[in-house]
Amino acid sequence: MLSFLRRNFRNLSISPLSAVFQIILFFLLSEPAYAGAVVTANPLATKVGMDILKKGGNAVDAGVGVQYVLGLVEPQSSGLGGGSFAIFYHKKSDELYAIDGREKAPKRIPYNFFEQYRGSRQGFFRLVTNPASVGVPGTPLLLEEMHARFGQLGWSELHDEPITLAAEGFPISPRLHVLIARDKFLKNNVDAKKYFFSGSNDNLIPKNVGIILKNPSYADVLAQFRDEGISTTFYKGKIMSNILSDLKKTAGTDFLHPDDFENYSVVFRKPLCGSYRNFRVCSMGPPSSGAITILQILGILENYELAKFKKNSPELIHLISEATYLSFLDRNSYLGDPDFVNIPIAQMLDKNYLKQRARLISLFEKIEQASPGKFKNVAEKSHYIDHSMNSTTHFVITDKWGNALSMTSSVESAFGSRIMSQGFILNNQLTDFSFRYKDDNGIKLQNSLEPEKRPLSSMSPTIIFDKDNNLFALLGSPGGKNIISYVLQTIVRLIDFDFHPTNAVSEPRFVNTGRGLILEKDKFSIEVIDRLKKIGHYDLKERKLFSGIHVIKVKKDKIQTYIETGVDPRREGMALIE
Ligand code: GLU
């Protein structure tokens, strides 16, 4: 560059204007064009996303390819048989979309059907592996509709790499192997048994790490998507009828019919945004509890100067745990599918209300017992703690146009209902409903099972903007209800402590979903644990906590924009910036 300048400015025969022009030309020609950034839970998926960006695709195009590959290589987490939420920032129009591809309950399911499975872990798993837990998948239609509205490349161009990968095979990853090996139910499904195990019936061997797994059925489904589209094949045609007949072959009760698929719709909702210090945090509102609960916790924490606390000090852990506990009381009482129930969102997020909640917290003593908040025009609701298992995946993508996609995708528990159809796993997302329909006083629960309702989720795809409305960060995580703690704590690390995303995602975790404080196993010192117990967390537990937080952070100074990424070390993800 310097020699270029010297050469040109010594030559006085060129005008200054032309010199400037040449300098610009130099940058255009010599700097490789920036394509974007992709962070997903699997290197193969990240690579396909990046290939699409480099071909001229945008974040949405890349998202389609990424999701196809994740469904193939990480079938325990998400896929065509599951549901998802995406927050998409469209730079050109400066619009933010919350796209709801959550599973829906069948029209003919009896409202009290889940009651019989209540009360025990065994009952819970009997329902998980029953066709009755399968909701109409939303992920495929979300991909098609998102692409139809925002995609840049042609639909068919997004399919080649995922199809080849499915047809030629991919190596089984360590995490996939471990999850196959420890699963009790997967071998009860004929297709899953053939796909994930070798050996004979009395000696089934989970396929090992590195073995190449080919999935021709999945390749065939993607080829149908490419050639005929998704709504005509998955929600009407052959793929749908194959799903229905695979469900019929499975022991249990099945309520899904063709009209459930035909009537399924993806909903373009408004993201829920709230201010936190100098930032605007936007995430998924109902039917996810993500945005409301995270914004409530942030609203409580805003009353404290968190940066003054030592990171991972017992006081900071206690404070965040208490704020999370209080917000979960409201979450478990008032949240549900907004198409079915009335949710006092504005009152729940009111800063004065959150200040009052903050006053319930003492830095020296754990709250013994608190109640959910009371809100105008909404009947008081019973507080109900339901189950949710850990699976799911989160990915984030930015492109050269400044668009940003933050998407969380799930089949609910690991391998969903364990029912495999045409190379993909069907979800058990309906177990995210409360198993009770009414409380002891006969009042219907907000998250009760109802025909055509979407179960309450915790998935929290998030996008954060700075005070000048510049993109600041994209993030999200798997982890069931723990997602809320994982995402919240990462936001605090990024904003209050100004962490690099790599450090933010690697920090020791702690969670509280209303059942007490849980610390990530072997990450906290005896002193910290003792102090927490002294404050009143006598029954705190230590557990392995498998967050899978993926972050893109956009950092600006006066001259340049830097992209930084964070890949959770607890999973198998990879980031690419090119
Ligand atoms: N079913 C959960 C939810 O929607 C997600 C499961 C998980 O993250 O593992 O909140």
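The values are calculated or read from the model by the stated rules, or taken from the named source; none is laboratory data. Everything numeric in this text was worked out from a predicted model, so none of it was measured. Neighbour counts run over all protein chains shown; Cβ positions are idealised from the backbone, glycine included. All accessible areas refer to the heavy atoms of the entire protein, side chains included, with ligands and DNA or RNA removed. Shrake-Rupley method; radii C 1.70, N 1.55, O 1.52, S 1.80 Å.
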Residues of segment 90-140 being open to solvent by 10 Å² or more (accessible area, probe 1.4 Å), closer than 30 Å to residue 398 by Cα and touching a residue at least 12 places away in the same chain (Cβ under 8 Å), which ones?
90, 91, 92, 94, 96, 97, 104
Output the number of residues of segment 264-305 satisfying the condition of being within 24 Å of residue 468 (Cα to Cα), part of a strand (DSSP E or B), in contact with an Asp or Glu (Cβ under 9 Å, 6 or more places away or on another chain) and not charged (D, E, K, R).
3
Checking 386, 439 in turn, the sole residue that is open to solvent by 10 Å² or more (accessible area, probe 1.4 Å), within 14 Å of the ligand (Cβ to nearest atom) and either at pLDDT below 95 or small (Gly, Ala, Ser) (or both) turns out to be 386
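Being within 30 Å of residue 177 (Cβ to Cβ) and assigned to a helix (DSSP H, G or I) is the filter here, so list the residues in segment 54-92 that pass it.
62, 63, 64, 65, 66, 67, 68, 69, 70, 71, 72, 73
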Take residue 496 and tell me if it is modelled with pLDDT under 95 and more than 16 Å from the ligand (Cβ to nearest atom).
no
Somewhere in segment 186-203, is a residue without any contact (Cβ under 8 Å) to a residue 40 or more places away in the chain and buried (at least 21 other Cβ atoms within 10 Å of the Cβ)?
yes
Matching entry among 234, 268, 279 (being open to solvent by 10 Å² or more (accessible area, probe 1.4 Å), closer than 17 Å to residue 143 by Cβ and of a type outside the set (D, E, K, R)):
268
Exactly one condition in (1) over 19 Å from the mean Cα position of the chain (by Cα); (2) open to solvent by 10 Å² or more (accessible area, probe 1.4 Å); (3) more than 16 Å from the ligand (Cβ to nearest atom) is not met by residue 332; state its number.
(3)
Select from segment 520-553 the residues that are outside any helix (DSSP H, G or I), open to solvent by less than 20 Å² (accessible area, probe 1.4 Å) and in contact (Cβ under 8 Å) with a residue 60 or more places away in the chain and list them in ascending order.
536, 537, 545, 547, 548, 549, 550, 551, 552, 553
Looking only at segment 191-208, which residues are under 20 Å from residue 249 (Cβ atoms) and modelled with pLDDT of 90 or more?
191, 192, 193, 194, 195, 196, 197, 204
Considering segment 395-432 alone, what residues qualify as being under 20 Å from residue 180 (Cα atoms) and within 13 Å of the ligand (Cβ to nearest atom)?
409, 410, 411, 412, 413, 414, 415, 416, 417, 427, 428, 429
Taking segment 146-155 and keeping residues open to solvent by less than 60 Å² (accessible area, probe 1.4 Å) and either in a helix (DSSP H, G or I) or over 10 Å from residue 64 (Cβ atoms) (or both) leaves 146, 147, 150, 154, 155
Which ones in segment 273-296 are within 16 Å of the ligand (Cβ to nearest atom) and either of a type in the set (Ser, Thr, Tyr) or in contact (Cβ under 8 Å) with a residue 60 or more places away in the chain (or both)?
283, 284, 285, 286, 287, 288, 289, 290, 291, 293, 294
Quick check on residue 114: is it among the hydrophobic types (A, V, I, L, M, F, W, C), within 16 Å of the ligand (Cβ to nearest atom) and in contact with an Asp or Glu (Cβ under 8 Å, 6 or more places away or on another chain)?
no
May I ask you to list pairs of residues, at least six apart or on different chains, whose Cβ atoms are under 7 Å apart, with the first in segment 474-493 being farther than 12 Å from residue 281 by Cα and polar (S, T, N, Q) and the second being near the ligand (Cβ under 8 Å from one of its atoms) and part of a helix (DSSP H, G or I)?
477/483
